[in-house]
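I have placed the structure first, in the form of structure tokens, so that the comments after it can refer back to it.
The values are calculated or read from the model by the stated rules, or taken from the named source; none is laboratory data. For clarity, every value in this text was computed on a predicted model and none was experimentally measured. Every residue, glycine as well, gets a Cβ built from its backbone with ideal geometry; the counts of neighbours run over all protein chains shown.
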Ligand code: PBG
């Protein structure tokens, strides 16, 4: 069968037809909104490189979460942004039970219990050198010594009431270390969302301004993945699943759609994708210039991530998208 018998345009003629044959949908249920917690009260700082994104104190975050919940967003993920004085080479503030993230978790869960609160687990926001773990004397990130700190932080966040912990550090073996620690702490029901395939990406630039987490020297290439590798992503995901990950993540999203597809097809487990700060900033910048239609570009970028196989998407556009989906 070929032209003129087969005419794909027949089912594209009207919006109703297009709706009926649509293969992929984007729903508010797919969205997780990243939030940055800073010290203080009634405090809100705009992130220069991410127009529309704000670092917020706990009280503001609670109000934001009420709004997100009202829009139907199922989950947020928290990043702590402590003052410089709270940072040290060991990143001890990461596992302070009264730190920013535990405070925010408790306050959000008290105000909006149905909203899922994920806690990002990493050392880079808490170490004075900005690396994702402890350093050896020669300035390398010490994988095994870092595991204990990550596990400690995860337990602190889960005890505060976090609905999931999400290690983003890329140390080997951290999912197992965190799973063991959670189970030992009597928290076997708390899932681990693993940043399994996290690339050493230039697309994280704006986040490092938002989270004050840029490395003071060097880069993260010795622990995050080489952007050239896809088979390695499958091995990373396999290891994290063996270690007990409940949800696996690919990050960034847009430039790694092939990786999302392969992860989903290979393992068939709940798969998240993170549309990161640089992906957000590029769209915002072009939209502000009037060069692209922000709403259409955002929806298309997220639909593409879903079409690639993601079940859920972490995105700074979450609140806008929830509103747009509501408007229809
Ligand atoms: C912390 C972390 C980073 C991001 C999420 N968790 C930054 C990094 O690895 O440097 C990036 C998120 C974004 O760019 O939106 N390790």
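Return the total of residues in the stretch 184-214 being in contact with a strand residue (DSSP E or B) (Cβ under 7 Å, 6 or more places away or on another chain), away from the ligand (no atom under 12 Å from the Cβ) and in a loop (DSSP other than H, G, I, E, B).
2
Can you say whether residue 233 is modelled with pLDDT under 95, buried (at least 22 other Cβ atoms within 10 Å of the Cβ) and in contact with a strand residue (DSSP E or B) (Cβ under 6 Å, 6 or more places away or on another chain), as far as the supplied structure shows?
no
Please specify each residue of the stretch 33-59 satisfying the condition of being without any contact (Cβ under 8 Å) to a residue 24 or more places away in the chain and assigned to a strand (DSSP E or B).
Passing the criteria: 44, 45, 46, 54, 56.
Exactly one of these conditions fails for residue 17: (1) in a loop (DSSP other than H, G, I, E, B); (2) farther than 23 Å from residue 280 by Cα. Give me its number.
With respect to (1) in a loop (DSSP other than H, G, I, E, B); (2) farther than 23 Å from residue 280 by Cα, residue 17 is out only on (1).
List the pairs whose first member sits in the stretch 201-217 and is closer than 14 Å to residue 131 by Cα, whose second member is more than 8 Å from the ligand (Cβ to nearest atom) and not in a loop (DSSP other than H, G, I, E, B), and whose Cβ atoms are under 8 Å apart, counting only residues at least 6 apart or on separate chains?
Pairs that qualify, where the first residue is closer than 14 Å to residue 131 by Cα and the partner is more than 8 Å from the ligand (Cβ to nearest atom) and not in a loop (DSSP other than H, G, I, E, B), are 211/36; 212/84.
Tally time: how many residues in the stretch 265-282 are in contact (Cβ under 8 Å) with a residue 24 or more places away in the chain and either surrounded by fewer than 16 Cβ atoms within 10 Å (Cβ to Cβ) or more than 13 Å from the ligand (Cβ to nearest atom) (or both)? If you could, list the steps in order and put the result at the bottom.
So in the stretch 265-282, the residues in contact (Cβ under 8 Å) with a residue 24 or more places away in the chain come out as 265-267, 269-281.
Subsequent filtering for residues that are either surrounded by fewer than 16 Cβ atoms within 10 Å (Cβ to Cβ) or more than 13 Å from the ligand (Cβ to nearest atom) (or both) retains 265-267, 269-271.
Qualifying residue count, the stretch 265-282: 6.
Filter the stretch 293-311 down to the residues that are part of a loop (DSSP other than H, G, I, E, B) and surrounded by fewer than 16 Cβ atoms within 10 Å (Cβ to Cβ), then identify the one that is nearest to the ligand (Cβ to nearest atom).
Across the stretch 293-311, the extreme among qualifying residues is 311.
Go over the candidates 107, 75 one by one and state the one that is modelled with pLDDT of 95 or more, touching a helix residue (DSSP H, G or I) at 6+ places or on another chain (Cβ under 6 Å) and more than 30 Å from residue 137 (Cα to Cα). Step through it out loud before you land on a result.
Values: 75 fails: touching a helix residue (DSSP H, G or I) at 6+ places or on another chain (Cβ under 6 Å).
Result: 107 is the single residue among 107, 75 that is modelled with pLDDT of 95 or more, touching a helix residue (DSSP H, G or I) at 6+ places or on another chain (Cβ under 6 Å) and more than 30 Å from residue 137 (Cα to Cα).
Just one of the numbered conditions (1) within 20 Å of the chain's Cα centre (by Cα); (2) part of a helix (DSSP H, G or I); (3) crowded, with 16+ Cβ neighbours inside 10 Å is not true of residue 314; which one?
All conditions pass for residue 314, except number (2).
Looking only at the stretch 156-181, how many residues end up being more than 26 Å from residue 114 (Cα to Cα) and in contact with a helix residue (DSSP H, G or I) (Cβ under 8 Å, 6 or more places away or on another chain)?
8
Can you say whether residue 220 is without any contact (Cβ under 8 Å) to a residue 40 or more places away in the chain, surrounded by fewer than 24 Cβ atoms within 10 Å (Cβ to Cβ) and either part of a helix (DSSP H, G or I) or within 16 Å of the ligand (Cβ to nearest atom) (or both), as far as the supplied structure shows?
Details: without any contact (Cβ under 8 Å) to a residue 40 or more places away in the chain: no; surrounded by fewer than 24 Cβ atoms within 10 Å (Cβ to Cβ): yes; either part of a helix (DSSP H, G or I) or within 16 Å of the ligand (Cβ to nearest atom) (or both): yes.
So residue 220 fails the test.
Checking residue 287 against (1) away from the ligand (no atom under 16 Å from the Cβ); (2) within 30 Å of residue 190 (Cβ to Cβ); (3) in contact with a helix residue (DSSP H, G or I) (Cβ under 9 Å, 6 or more places away or on another chain): exactly one of these is not met. Which one?
Exception for residue 287: condition (2).
May I ask you to list the residues in the stretch 130-162 that are free of Cβ contacts under 8 Å to residues at least 24 places away in the same chain and within 15 Å of the ligand (Cβ to nearest atom)?
Result: no residue meets the conditions.
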